[in-house]
Amino acid sequence: MSSAQLHVHPQALRPASVAPVHDDAKVRDRVLATMLFTDIVGSAGHVVRLGDRAWIELLRRHHAAVRRRLAEYGGREIDVAGDGFFASFETPGRAIGCALAIREDLAELGLDVRAGVHTGECDRLDGKLSGLAVLVGARIADAADVGEVLVSGTVRDLVAGSGLELEDRGERRLKGLPGLCPVFAVAPGRRRGPRPTARPSTRTPG
């Protein structure tokens, strides 16, 4: 049979490993981001001990301290729920440095915090981030002990060679997520986070 007689349907020329691009994928805004989640440990006890008025004032000082560090390390505030912050960064090193600085600042206010850091691809809509990676980051923060900055295995790989010392905390089963997730804690002896070496970028996810 000559080449002139051979008819091949165009669909057959598509590589088998390449899936068709669906319409919804064309309109979704996906970004790679590092997410930091922080919250105060034992906040209910503080409310009972201090009373509403004093607690609100302490919470105001907490918010101011966190926002000051976010600005210093180039973080972008995504959401606040009570005493919990959700922020995004361009790099995991900045997120970890910010978390450590926040922990030190809040200790001066008599507050203990826990923090979680994860890097992944997220959906972005109206300046907000959502998706599985966001859920993983939040659950890692939930798994952190008092005063602990806990990071995912992804973050551990990304900061290799940075000088940050991480301790293996094993694999955790994170609430609502399948399987086990390897997590690592920033070494307890590390008090303040590494400072940014350049002016924080204003171009952050969102």
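The values are calculated or read from the model by the stated rules, or taken from the named source; none is laboratory data. Not measured: the values here are computed from a predicted model. Please note: Cβ atoms are built from the backbone with ideal geometry, for glycine as well, and neighbour counts cover all protein chains shown.
Quick check on region 130-175: of everything there that is acidic (Asp, Glu) and touching a strand residue (DSSP E or B) at 6+ places or on another chain (Cβ under 8 Å), which residue is surrounded by the most Cβ atoms within 10 Å (Cβ to Cβ)? Give the steps one after another, and end with the answer.
At the first step, the residues of region 130-175 found to be acidic (Asp, Glu) are 142, 145, 148, 157, 165, 167-168, 171.
So of that shortlist, the ones also touching a strand residue (DSSP E or B) at 6+ places or on another chain (Cβ under 8 Å) come out as 142, 145, 148, 165, 167-168, 171.
Values: Asp142: 15, Asp145: 11, Glu148: 22, Glu165: 12, Glu167: 11, Asp168: 11, Glu171: 12.
Residue satisfying both the conditions and the ranking: Glu148.
If you go through region 62-75 one residue at a time, do you hit one that is part of a helix (DSSP H, G or I), within 17 Å of Lys128 (Cα to Cα), modelled with pLDDT of 95 or more and out of contact with any Leu (no Cβ under 6 Å at 6 or more places or on another chain)? Talk me through it step by step, then tell me what you get.
Step one: of region 62-75, the residues part of a helix (DSSP H, G or I) are 62-73.
Filter again for within 17 Å of Lys128 (Cα to Cα), leaving 70.
Next, from what is left, pick out any that are modelled with pLDDT of 95 or more: 70.
Retained after the next criterion (residues that are out of contact with any Leu (no Cβ under 6 Å at 6 or more places or on another chain)): 70.
Yes, region 62-75 contains a residue that is part of a helix (DSSP H, G or I), within 17 Å of Lys128 (Cα to Cα), modelled with pLDDT of 95 or more and out of contact with any Leu (no Cβ under 6 Å at 6 or more places or on another chain).
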* Asked: Does Arg139 satisfy being in contact with a Lys or Arg (Cβ under 6 Å, 6 or more places away or on another chain) and basic (Lys, Arg)?
  -> yes
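Could you look through region 129-145, keep only residues that are of a type in the set (Gly, Ala, Ser) and in a helix (DSSP H, G or I), and pick out the one that is nearest to Arg30 (Cα to Cα)? Break it down into steps so the answer makes sense when it comes.
Filtering region 129-145 for residues of a type in the set (Gly, Ala, Ser) gives 130-131, 133, 137-138, 141, 143-144.
Applying the additional criterion that residues be in a helix (DSSP H, G or I) yields 133, 137-138, 141, 143.
Values: Ala133: 11, Gly137: 17, Ala138: 19, Ala141: 23, Ala143: 26 Å.
Filtering region 129-145 for residues that are of a type in the set (Gly, Ala, Ser) and in a helix (DSSP H, G or I), the one nearest to Arg30 (Cα to Cα) comes out as Ala133.
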* To do: Among the numbered conditions (1) over 26 Å from Asp123 (Cβ atoms); (2) under 16 Å from the mean Cα position of the chain (by Cα); (3) surrounded by fewer than 16 Cβ atoms within 10 Å (Cβ to Cβ); (4) not polar (S, T, N, Q), tell me where Ala81 comes up short.
  => (1)
* Taking region 110-129 as the search range and keeping residues that are within 16 Å of Asp79 (Cα to Cα) and among the basic types (Lys, Arg), which one is surrounded by the fewest Cβ atoms within 10 Å (Cβ to Cβ)? -> Lys128
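Please state which one of Arg169, Arg173 is within 19 Å of Leu100 (Cα to Cα) and basic (Lys, Arg). Give the steps one after another, and end with the answer.
Values: Arg173 fails: within 19 Å of Leu100 (Cα to Cα).
That would be Arg169, the only listed residue that is within 19 Å of Leu100 (Cα to Cα) and basic (Lys, Arg).
So, Asp29, is that one in contact with a strand residue (DSSP E or B) (Cβ under 9 Å, 6 or more places away or on another chain), farther than 25 Å from Val186 by Cα and of a type outside the set (A, V, I, L, M) or not?
On the way: in contact with a strand residue (DSSP E or B) (Cβ under 9 Å, 6 or more places away or on another chain): yes; farther than 25 Å from Val186 by Cα: yes; of a type outside the set (A, V, I, L, M): yes.
Yes: the conditions hold for Asp29.
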* To do: Among the numbered conditions (1) in a loop (DSSP other than H, G, I, E, B); (2) of a type outside the set (S, T, N, Q); (3) farther than 19 Å from Gly75 by Cα; (4) at pLDDT below 95, tell me where Ala198 comes up short.
  => (3)
* **Count - residues of region 92-109 that are over 15 Å from Val186 (Cβ atoms) and crowded, with 19+ Cβ neighbours inside 10 Å** => 2
* Asked: How many of the residues in region 77-96 are in contact (Cβ under 8 Å) with a residue 12 or more places away in the chain and either touching an Asp or Glu at 6+ places or on another chain (Cβ under 9 Å) or aliphatic (A, V, I, L, M) (or both)?
  -> 11
